[in-house]
Structure formats: C-alpha cells, structure tokens
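> Have a look at this one.
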C-alpha cells in the first residue's frame, strides 16, 4: 500500500516504522522543519545536547518507547538518573517522591497521611481502572483518601492541570498517573531530539520519505483512494493516518463534517494548552537539588493563586549542566485553557510575570542571572478526560474509508507522553494493515 502519515512526532514515526517493515510505501508530511512534535528540542550555541522545548522524561514503566528503542539497538543511549521531586508547602520545599517522604510530609495530620499512603498503595497495585471511570477524581479521592489529604495535595494539582474543569476529570486518569509512575526518570543521551533524529534517519534508510515544511490539507476520498495536498502539490494514497489533534483533523479532512456522529465526537474532545518558559541561568536556582518542584494552585484564576505557573523544573539538577555549556536550565511550566490570556499575552509581559515569582524559591535570585530565555506555547497539549470517558474516544478508523486518526486524545486512560504516542502509532499501523487484509 501507499500510505501517507500526517505529523512526524513519535506517533507518526512509530507508525511509519511498522508499516515500512511490512513492505508498504510510506510518506510522512511534517509542517515544521524537523521531526519531534511536542517532544522536539532546540540547541543553543555552546550546548552539546539538545533541550526539549516542553520538559520530557520517561518512566521505567514506559515499555512501548523503551521497547522500540531496544528494537532499534539504541538502549545503550538511555539513562535513568534518580532526581529529587519536591512539593512546595507553606513557604518551603519538601521531598515528595517516595512513600517515606510522603508520610513525613509535615503539613498534614497522621490519620490523613495513613489514608493517603494506603490508598496510594492500592492505586499502585490495582489494574482495575474501569470501575473508577464513572467517578470524578475529586469525589473518589475525597471518599477513599479523605478530604484533608485531597485538599492539601491533589486538589491543587488538579486545579493546576485542568483549571476550571478540574472537578470534571475522571478518576481513571488519576489512577493512570499513579500506576505508571517510577522514581527513576529516563532520557536519551543528547536529548529526545537526538533520538528522534536518529529514528527518522533510520526510517529514511528503510525507504520512508519525510517531507518537511509540508503542512497537509484537504484530504479527500477520490478515485478509490485518498488524495492529500501539501504545498499545493497533490499526493495519492491507499490510506492516510493523521496524528494531529481532533480539531485539526476536522480542518485537514473537511469531508468529515458530513459524518455527523464522528465529527460531533471529535468536536466534544476538549484539551488544555501548555506554556513553558525556559531559562538559561548563570547559577543554580533550587539549591537543595530539587529537579521537579510541584507548586500548589489554590484557584483556577492565576491572579488569585500563589504562583503564576504549575511546575518549576530545574533540568540541570537532573542532568549535568556541562551538557548545556554550563548553563543552569530551569523550566517554568503551566497548563491553561486554549483561550487563556497566557496564550495571547506578549512575550515580555508573560516572562516578566513568571520571573517575578522566582525570588520565592531563592531569595538571592536576580533577573541578571538570566543569560537567555525561550518561551514556547502549544495549543494542544493535554486532553481533558471526563467521567465515563471511554465512551467518548473516537475509533482509529474514521467513517471515510482509508482515513485514520491517532491522537493523544485516544490514549485514555493513559496520560499524554512519548510512550503512549509510540503505543498509538503502532496500534494504528496494525489497524491499517488489518483493515486492508479484511
């Protein structure tokens, strides 16, 4: 078969890998000038390693992407340091990355701590997430973990992640976050971009064509196949896989609008956007060695919350600063609604708002520590899974024969990330081949 793939992120690359191995002719259309999608990186002058625009790491439980890396013979390039994760509470950072540290967390009485630990252990051990999806995370956690633990720990996290919609998020999503988590966090030597570039080169050697700066549009059924347009040039395929957002899919394939049931399903899938400020500092910000500092959100209204962002991540407390020319790399990251002011605010205004908060974590911090900064925004970054969300997930095969969608909105109950992008990419490749044989 001749197969077109829209998007050269991990899902598109993984789909291409299985399809070309099976003998199919594959062309990938990527709107930007390099592979990677949301996992793409960048490299400043004097750096040896690429840095992810949006912070990424792997868990030891990420079997799909680690298995793929092993198939490619690249496992020796994967490292799993054990960084320090902390929780900010009442003006101080507390270690919060193992059962003992969680039970020693000072700002909660012992009985709520005990319930917190017991329920946390249950969520780590059980594989039965389906009964949980009929509850919101809020109602399930209050019922079993208790209101005190929920209000102190999980409500702020849910608000930070989902804003005004935090009360709608299903418990199945929360279970998946706990079930897959590991204390060691993995990365690829040289950065995720180095792995993705190596993978893309391997695909090209296998015969895959990758067209860069080629946004696909106007996918239509024509003459028994599918026609796709990129840079005003038409291409004919037997099947097309889109790895874009559901909203983008409706624009790329306008004929889907006539398939009301499927189009309505795509239209009801909501998501959060992401905003990340990356700072190259002249010295360390989090001097206690914390890599990931969770910041409590007291209100969905950022102006009423203590901090203007959700997470403070000092990347070089995880990986050596020598890989980045001695720069100390800090991410200030947040999830916001697609129409939130952060998505339209001028770069100077947003950077100023974020930087003003940094003195809280290190009273010696001064803006002149900043050698350089970069601001990245992604409109489609975090699906919002609601109660009984499995009923809302669109099939990989659209009603248009030969046209498929494989997006992070379909990996439920799992959370977005490169591991599940690889998972769904390989699933859709298998589905295309199975449908062809049927």
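The values are calculated or read from the model by the stated rules, or taken from the named source; none is laboratory data. The shown structure was predicted, so the numbers you read here are calculated from the model rather than taken from an experiment. Here the Cβ positions follow ideal geometry from the backbone for every residue, glycine too, while neighbour counts run over all protein chains shown.
> For the range 355-370, state whether one or more residues are more than 21 Å from the chain's Cα centre (by Cα) and either closer than 23 Å to residue 65 by Cβ or in a strand (DSSP E or B) (or both). Before the answer, list the steps.
Taking the range 355-370 as the starting set, the residues that turn out to be more than 21 Å from the chain's Cα centre (by Cα) are 355-370.
Now narrow it down to the ones that are either closer than 23 Å to residue 65 by Cβ or in a strand (DSSP E or B) (or both): 370.
Within the range 355-370 (the criterion being more than 21 Å from the chain's Cα centre (by Cα) and either closer than 23 Å to residue 65 by Cβ or in a strand (DSSP E or B) (or both)), the answer is yes, since at least one residue qualifies.
> Something else: Kindly indicate the residue of the range 8-34 that is in a loop (DSSP other than H, G, I, E, B) and in contact with a strand residue (DSSP E or B) (Cβ under 7 Å, 6 or more places away or on another chain) and also farthest from residue 249 (Cα to Cα) among those meeting that condition.
Once the filter is applied, the top-ranked residue is 24.
> I've got another one for you. Residues to consider are 349, 397; find the one that is in contact (Cβ under 8 Å) with a residue 24 or more places away in the chain and either more than 25 Å from residue 139 (Cα to Cα) or touching a strand residue (DSSP E or B) at 6+ places or on another chain (Cβ under 6 Å) (or both).
Numbers: 349 fails: in contact (Cβ under 8 Å) with a residue 24 or more places away in the chain.
Exactly one residue qualifies, and that residue is 397.
> Further question on the same structure: Filter the range 258-308 down to the residues that are at pLDDT below 95 and either exposed (fewer than 14 other Cβ atoms within 10 Å of the Cβ) or on the phi > 0 side of the Ramachandran plot (or both) and list them by number.
Scanning the range 258-308 gives 258, 260, 261, 264, 267, 268, 298, 299, 301, 303, 304.
> Tell me whether the range 29-39 contains one or more residues that are touching a helix residue (DSSP H, G or I) at 6+ places or on another chain (Cβ under 7 Å) and surrounded by fewer than 20 Cβ atoms within 10 Å (Cβ to Cβ). Spell out how you get there, then give the answer.
So in the range 29-39, the residues touching a helix residue (DSSP H, G or I) at 6+ places or on another chain (Cβ under 7 Å) come out as 35-37, 39.
Filter once more, keeping what is surrounded by fewer than 20 Cβ atoms within 10 Å (Cβ to Cβ): none.
Checking the range 29-39: not a single residue is touching a helix residue (DSSP H, G or I) at 6+ places or on another chain (Cβ under 7 Å) and surrounded by fewer than 20 Cβ atoms within 10 Å (Cβ to Cβ).
> Counting only residues that are touching a residue at least 60 places away in the same chain (Cβ under 8 Å) and farther than 14 Å from residue 386 by Cα, give me the helices (runs of 4 or more DSSP H) lying completely in the range 81-176 with at least 2 of them. Break it down stepwise before answering.
Details: elements: 99-103, 110-125, 137-144, 155-162.
So the answer is 155-162.
> Here's a follow-up. Do we find that residue 390 is surrounded by fewer than 20 Cβ atoms within 10 Å (Cβ to Cβ), over 23 Å from residue 156 (Cβ atoms) and touching a residue at least 60 places away in the same chain (Cβ under 8 Å) in this structure? Steps first, answer last, please.
Numbers: surrounded by fewer than 20 Cβ atoms within 10 Å (Cβ to Cβ): yes; over 23 Å from residue 156 (Cβ atoms): yes; touching a residue at least 60 places away in the same chain (Cβ under 8 Å): yes.
Against the criterion (surrounded by fewer than 20 Cβ atoms within 10 Å (Cβ to Cβ), over 23 Å from residue 156 (Cβ atoms) and touching a residue at least 60 places away in the same chain (Cβ under 8 Å)), residue 390 qualifies.
> Regarding the range 404-418, can at least one residue be identified that is surrounded by fewer than 20 Cβ atoms within 10 Å (Cβ to Cβ), farther than 29 Å from residue 200 by Cβ and either modelled with pLDDT of 95 or more or in contact with a helix residue (DSSP H, G or I) (Cβ under 7 Å, 6 or more places away or on another chain) (or both)?
Within the range 404-418 (the criterion being surrounded by fewer than 20 Cβ atoms within 10 Å (Cβ to Cβ), farther than 29 Å from residue 200 by Cβ and either modelled with pLDDT of 95 or more or in contact with a helix residue (DSSP H, G or I) (Cβ under 7 Å, 6 or more places away or on another chain) (or both)), the answer is no, since none of the residues qualifies.
> In addition: Here is a check on your reading of the model: is residue 313 over 22 Å from residue 58 (Cβ atoms) and either at pLDDT 95 or above or surrounded by 22 or more Cβ atoms within 10 Å (Cβ to Cβ) (or both)?
When the stated conditions are applied, residue 313 does not pass them.
Per-residue answers, yes or no, for (1) buried (at least 20 other Cβ atoms within 10 Å of the Cβ); (2) in contact with a helix residue (DSSP H, G or I) (Cβ under 7 Å, 6 or more places away or on another chain):
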position	(1), (2)
150	yes, yes
168	no, no
171	yes, yes
184	no, no
191	yes, no
207	no, yes
211	no, no
223	no, no
235	no, no
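> Quick check on my filter: what residues within the range 213-227 are on the phi > 0 side of the Ramachandran plot and assigned to a strand (DSSP E or B)?
Across the range 213-227, the qualifying residue is only 218.
> All but one of (1) crowded, with 21+ Cβ neighbours inside 10 Å; (2) modelled with pLDDT of 95 or more; (3) closer than 22 Å to residue 88 by Cα hold for residue 138; which doesn't?
Residue 138 satisfies every listed condition except (1).
> Whether any residue in the range 395-402 is touching a helix residue (DSSP H, G or I) at 6+ places or on another chain (Cβ under 7 Å), within 19 Å of residue 20 (Cα to Cα) and either at pLDDT 95 or above or crowded, with 20+ Cβ neighbours inside 10 Å (or both) is what I want to check.
no
> Could you please give the count of residues in the range 251-277 that are assigned to a helix (DSSP H, G or I) and out of contact with any helix residue (DSSP H, G or I) (no Cβ under 6 Å at 6 or more places or on another chain)?
Residues that pass the stated criteria total 12.
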